[in-house]
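Notes follow the structure.
The values are calculated or read from the model by the stated rules, or taken from the named source; none is laboratory data. Since we're looking at a predicted model, the values are computed, not measured. For neighbour counting, all protein chains shown are included, and Cβ atoms are generated from backbone atoms with ideal geometry for every residue, glycine included. Note: accessible area is taken over every heavy atom of the protein model, side chains too, but ligands, DNA and RNA are not part of it. Shrake-Rupley method; radii C 1.70, N 1.55, O 1.52, S 1.80 Å.
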Amino acid sequence: MKRLFGSRLSMPSASARWTIAAAVVVVALVVAIWPRDSNDGSSTENAQSAQVSSATDGANTAGVATPTGTPGELAAARSAAALEPCRVGGSPQVAKLAGITAECLGDAATVAMAGITQGRPTVLNFWAAWCAPCREELPVMQDFARASGDKVTVMTVHARDGAQDPIAALALLRDLGVHLPAVLDSRGQIAGALGVPPVLPTTVLIRADGSVAKVVPTVFTSVDQIRSTVADALGVSL
């Protein structure tokens with residue numbers, strides 16, 4: 001028995017040893033490249049980072065409209081919406097909006113935003129065609145503008161996301177029966193200059209001297225609510 005399991009049989013041949021060594025190398029390579037399971041800490045962290053990035057990308061692109069329609073269709077949409085012109089001028093100017101221009105939604109005129117107050121207390125309402133609460137608020141803002149007459153300037157601003165599709169914006173205003181003057185904040189410059197948060201709708205109240213009195217990120221649901229807010233911030237009794 002000892003001779004049967006002696007050195008001659010217990011020691012593999014040179015070729016066998018090379019075969020075993022090659023097999024070990026192959027196994028090691030397989031282990032090295034085998035995908036790690038989901039319990040690996042770094043893999044989990046990377047997956048979470050990807051989810052956050054995806055969510056952020058989605059938030060940044062939400063509501064961004066693709067430009068559509070021909071010039072003729074845009075002209076027809078403007079005619080159907082029948083918006084008031086974006087009047088500017090007078091003094092004092094809104095210093096925070098100095099040098100900022102925007103396109104008037106109703107007629108494509110270039111608006112020098114610093115002159116929007118026309119020397120009166122001003123309500124500047126930020127909205128977007130894709131914003132559901134804005135659809136509720138815009139008719140209320142229209143009613144307030146009618147009730148306030150010449151005591152207050154009321155203008156609306158379509159926020160950056162979606163401003164690239166003026167036809168959609170015009171169609172919404174037409175459907176709501178809202179004819180307030182509106183500008184397109186296509187690059188977000190107006191919102192940035194006035195410190196408007198990423199919340200819609202938001203209303204900025206500007207004093208007659210051009211200074212910003214208050215930024216109100218809320219949904220106004222009644223004319224009385226707007227009237228009260230304007231009276232408190234701008235000292236205007238309506």
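For the reader, a short list of remarks on this structure follows.
- 20 Å cut-off, amide nitrogen to a point 7 angstrom out along GLU84 Cα→Cβ, residues in region 172-206: 172-185, 202-206
- Whole-Hz Karplus values for region 98-110 come out as 4, x, 8, 10, 8, 8, 6, 5, x, 9, 6, 5, 8 Hz, taken residue by residue from phi with 6.51 cos²θ - 1.76 cosθ + 1.60 and θ = phi - 60°; glycine and proline positions read x.
- For region 83-238, the share of DSSP beta bridges that are antiparallel, to the nearest 5, is 60%.
- Computed from the Cβ-Cβ distance with R0 of 41 Å, the FRET efficiency linking SER91 to ALA132 stands at 0.60.
- Radius 13 Å from Cβ of GLN164, net charge of other residues (Lys, Arg +1; Asp, Glu -1): -2
- At 0.692 mPa s and 37 °C, Stokes D of region 122-225 from Kirkwood alpha-carbon radius, µm² per second: 240 µm²/s
- Computed extension length for SER237-ALA109: 42.9 nm, one decimal, from 0.36 nm per residue of separation with the Cα-Cα distance subtracted.
- Heavy-atom accessible area per residue - region 96-177, 1.4 Å, Å²: 35 Å²
- Accessible area expressed per residue, region 188-230, with surrounding protein chains retained (probe 1.4 Å, Å²): 41 Å²
- Residues whose placed amide H lies under 5 Å from that of VAL183, excluding near-sequence neighbours: LEU105, THR156, VAL157, HIS158
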